[in-house]
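Working notes, beginning with the structure itself.
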Amino acid sequence: MKIGLTLYGSLDEQSGGFRYDRKLVEELRRAGDTVEVIELPWRGAAGGAWRAYPRGLLDGVSPRFRDRLRVDVDVMVQDELAHPSLWRCNRDLSYPIVGIVHHLRASEPRRLSPLYRAAERRYLDTLDGVVCNSTATWEAVTGLGVDPDATVVAPPAGDRFDGDVRGGDTVTADNTVTADNTAAVTGSAAERPLRVAFVGNLAPRKGLDTLVEGVAAADANVEVTVVGRTVDESHVRGVRRLVDRRGLTDRVRFAGRLPNDELAATLRESHAIAVPSRYEGFGIVYLEGMAFGLPAIASRAGGASDVVTDGETGHLVDPDDPGGVADALDALASDPERLAGMSRAARRRYERHPDWETTTARVRRLLAAVAEADSPDVSTSSVPEVPT
């Protein structure tokens, strides 16, 4: 097939959604398809939603912008993140279009959610098929009127650290957290705290402030390493002030953005991963932590429950619930045997998760059906099967 991919920004961006798009392109090409990538100006990269979103909406009325989308393909794949610039253009394009939805803006707790819901509903109406990364995303998409039979759930793989997890003298399936090496994380052994990693863009949605408040409220001795790129400087300043006010400057370390090998080293040294987001369409970071045998403290809001089973491979907490985070931290720190069991369960969950080849095959079946103008037969029930 001749396939196009339209997205905001560069395919080389490092966040989970861009990694999904990049791996999909690689696998489609490996399967023998040609893929043409159209990179559009990323209106959401700076300036805040009040300025960036309207600028994106204006793209859709620009003939010059529309001309960039007139390419010769059998089917076009669009990253839904770029919907502000695309929803008006799509009706004038000659090829069938499939959207990849990592998560809808309207699903996030935002002041502009009514605007996003209206724009995203109109965008979804222009599509011939939709790829969803989780059941939560699927429910949000079909809730806006998309035909379930024109959808597929195709989750991302969590293999970002495979070379660091499985190779040589690094972590393997037998190197998960054990009762022996967690035996001193609580009680009088203050020199052996529960080591927790937070990994993600430093922006309000990721819930770093909730994690800090949870650490302050926990009875356990907890140390947090914060890894990620600053996206919202005012938010990060606020979190740093919160760390100071709660007297946690010696227990919360800001490591910044780390290369993969250094991040892998941080995860190998941790007992758990905690990202209590206000919303996650999927939450690939939880799966990546599980590669190292790390139970996850994850948000109930969104798609994390596709990966994290509460009480088995981690703990699910409500958004903006420091008390729930504190309880989860105390539960992990107070019972080394249980922590070790959850670590092994987390690693097993990672090992049975679909790889990129499997995920791409699901997407490719939908693309082929859309390109052939057939009714996409990708679901045998009202809710498509989630591969696990």
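Note down the nm distance, to one decimal, between modelled labels 7 Å out along Cα→Cβ at L258 and at D318.
3.3
What does the helix-only formula give at 222 nm for the chain: each DSSP H stretch with n ≥ 4 adding -39500 (n - 2.57), the total divided by the residues, and the result rounded to the nearest 500 deg cm²/dmol?
Working: 15 runs with 151 residues, N = 388.
Mean residue ellipticity at 222 nm (helix-derived): -11500 deg cm²/dmol.
List the residues, sorted by chain then number, that are 5 or more residues from Y8 or on another chain and whose placed amide H is less than 5 Å from its amide H.
L40, A82
Label point 7 Å out from I38 along Cα-to-Cβ: which residues of region 114-152 have amide N under 19 Å?
Once the point is set 7 Å along Cα→Cβ of I38, 120, 122-131 turn out to lie under 19 Å by backbone N, inside region 114-152.
Cα-based Rg (one decimal) and Dmax (whole number) for the chain, in Å?
21.3, 69
Given a Förster distance of 22 angstrom, what is the FRET efficiency for V71 paired with R229, based on the Cβ-Cβ distance and rounded to 0.05? Mind dumping the intermediate values first?
On the way: r = 32 Å, r/R0 = 1.44.
Calculated transfer efficiency: 0.10.
Provide the FRET efficiency to the nearest 0.05 for the V61-A368 pair, computing r from the beta carbons and using R0 = 25 Å.
For R0 = 25 Å, the calculated efficiency reads 0.15.
By average Cβ neighbour count within 10 Å, what is the ranking of 89-96, 30-37, 343-350 from highest down?
Values: 89-96: 16.4, 30-37: 13.2, 343-350: 22.5.
Highest mean packing first, the order is 343-350, 89-96, 30-37.
When a/c reaches 1.5 or more, the comparison of a/b and b/c decides; with that in mind, is region 253-325 rounded, prolate or oblate per its Cα gyration tensor?
It is prolate, given that a/c is not under 1.5 and a/b is the larger ratio.
We did not get these values from a lab; they are worked out from the coordinates using the rules stated. Keep in mind that this is a model prediction, so the values were computed, not measured. FYI the Cβ positions are ideal-geometry reconstructions off the backbone, even for glycines, and counts take in every protein chain you see.
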